[in-house]
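Asker: If you scroll down you'll find the structure; I have some questions about it.
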Amino acid sequence: CLLCELSSQWHITENTTLTTPNGLYIVISLSSPLQFLRLTKQYLPHLARLCLISTFLEDGVRMWFQWSEQSDYISATWNCGWFLASCFVLINLLGQLGGCVLILSRNLVQYACFALFGIIALQTVAYSILWDVKFLMRNLALGGGLLLLLAESRGEGKSMFAGVPSLGESSPKQYMQLGGRVLLVLMFMTLLHFELNLITILQNLVGTALIVLVAVGFKTKLAALTLVLWLAWINLFFNAFWTVPTYKPMHDFLKYDFFQTTSVIGGLLLVVALGPGGVSMDEKKKEW
């Protein structure tokens with residue numbers, strides 16, 4: 001947890017007295033925050049997984065209620081006929097809802113992640129997202145969250161052999177965590193605004209600094225938690241689809257944006273809960 005990491009770095013126990021250069025004494029009591037984080041630590045990965053699969057869950061349900069609209073769009077765009085278009089919608093519906101159920105029930109998580117990777121790739125091609133840089137980066141960020149979930153499931157698989165000595169964490173898991181962190185921060189690249197005013201410049205500088213910290217794995221949990229709070233605020237205020245009437249196209253656009261952003265928040269929460277992994281500056285600092 002964040003406070004555990006801080007207390008270990010500064011050698012702070014639950015009740016520690018620090019002396020300032022001016023001779024002042026400061027008593028730090030971490031018992032309540034540490035207890036809170038210990039209690040929530042076991043729930044944080046569950047919340048992260050729920051947030052992460054939210055966009056797939058919403059899209060799977062939408063495929064059911066908008067079956068004819070989706071199949072007509074695919075048929076008209078690709079001239080593939082009604083049958084192939086319906087197969088596309090069915091694959092999306094079953095793949096997304098089935099993958100979400102498996103992830104939430106913690107069964108066959110790796111296969112569920114691969115299925116959702118396939119859905120992302122399929123939709124990227126079918127909806128011509130390849131040519132839209134903003135949406136492509138957001139899809140890649142979503143893939144980064146799935147990579148972190150895949151890395152977590154590998155860790156759970158190895159935990160069955162907890163009593164057996166090991167030579168260290170497996171390299172594939174380390175690099176999956178690295179790839180997941182790097183892809184996740186692509187979401188924030190789409191939030192940068194190139195305007196010449198002080199507030200925007202400060203936002204871009206702070207955001208870029210946090211992005212770099214998460215990517216390289218330095219003060220990772222603190223940086224990821226800050227990005228979670230920042231992204232949650234942006235999501236609630238700028239993607240408030242519930243304030244727009246359902247008959248307006250903007251409603252569906254904001255709804256899509258809201259759940260994609262929520263999924264990226266889930267990936268960042270996994271970073272907060274599980275740490276950056278072996279390929280990170282935080283991990284290397286332990287060896288110095």
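Asker: Just one of the numbered conditions (1) under 21 Å from Thr261 (Cβ atoms); (2) crowded, with 19+ Cβ neighbours inside 10 Å; (3) at pLDDT below 90 is not true of Ala151; which one?
Answerer: If we test Ala151 against (1) under 21 Å from Thr261 (Cβ atoms); (2) crowded, with 19+ Cβ neighbours inside 10 Å; (3) at pLDDT below 90, just (1) comes out false.
Asker: Which residues, taken from segment 72-102, are farther than 24 Å from Arg138 by Cα and either in a helix (DSSP H, G or I) or among the small types (Gly, Ala, Ser) (or both)?
Answerer: Within segment 72-102, Asp72, Ser75, Ala76, Gly81, Trp82, Phe83, Leu84, Ala85, Ser86, Cys87 meet the criteria.
Asker: Right, next: Only residues in segment 252-263 that are over 16 Å from Gly145 (Cα atoms) count as the first member; pair them with residues that are part of a helix (DSSP H, G or I) and small (Gly, Ala, Ser), Cβ under 9 angstrom, at least 6 apart or cross-chain, and list the lot.
Answerer: Close Cβ pairs satisfying both conditions: none exist.
Asker: Test each condition in (1) among the hydroxyl-bearing types (Ser, Thr, Tyr); (2) at pLDDT 90 or above; (3) out of contact with any Ser or Thr (no Cβ under 7 Å at 6 or more places or on another chain) for Thr262 and report the one that comes out false.
Answerer: With respect to (1) among the hydroxyl-bearing types (Ser, Thr, Tyr); (2) at pLDDT 90 or above; (3) out of contact with any Ser or Thr (no Cβ under 7 Å at 6 or more places or on another chain), Thr262 is out only on (3).
Asker: List the residue pairs whose Cβ atoms are under 7 Å apart, where the first residue sits in segment 101-127 and is under 19 Å from Gly267 (Cβ atoms) and open to solvent by 70 Å² or more (accessible area, probe 1.4 Å), the second is in a helix (DSSP H, G or I) and among the basic types (Lys, Arg), and the two are 6 or more positions apart or on different chains.
Answerer: Partner pairs satisfying both residue conditions: Leu104/Arg49.
Asker: Select from segment 205-241 the residues that are polar (S, T, N, Q) and without any contact (Cβ under 8 Å) to a residue 24 or more places away in the chain and write down the one among them that is farthest from Ala48 (Cα to Cα).
Answerer: So, considering only residues that are polar (S, T, N, Q) and without any contact (Cβ under 8 Å) to a residue 24 or more places away in the chain, the one farthest from Ala48 (Cα to Cα) is Thr208.
Asker: Sticking with this one: State which residue is nearest to the chain's Cα centre (by Cα) when the search covers only segment 48-58 and only residues that are surrounded by 22 or more Cβ atoms within 10 Å (Cβ to Cβ) and closer than 26 Å to Ser86 by Cβ.
Answerer: By that ranking, first place goes to Ile53.
Asker: How many residues are modelled with pLDDT under 75 and part of a loop (DSSP other than H, G, I, E, B) when one looks only at segment 278-288?
Answerer: 3
Asker: Out of Ile119, Ile74, Ile91, I need the residue that is touching a Cys at 6+ places or on another chain (Cβ under 8 Å), at pLDDT 90 or above and not aromatic (Phe, Trp, Tyr). Which one?
Answerer: Of the residues listed, the single one that is touching a Cys at 6+ places or on another chain (Cβ under 8 Å), at pLDDT 90 or above and not aromatic (Phe, Trp, Tyr) is Ile74.
The values are calculated or read from the model by the stated rules, or taken from the named source; none is laboratory data. The structure displayed is predicted, hence computed values, not measured ones. In this analysis, Cβ positions are derived from the backbone assuming ideal geometry, glycine residues included, and neighbour counts consider all displayed protein chains. Accessible surface is based on the protein model in full, side chains and every heavy atom, while ligands, DNA and RNA are left aside. Shrake-Rupley method; radii C 1.70, N 1.55, O 1.52, S 1.80 Å.
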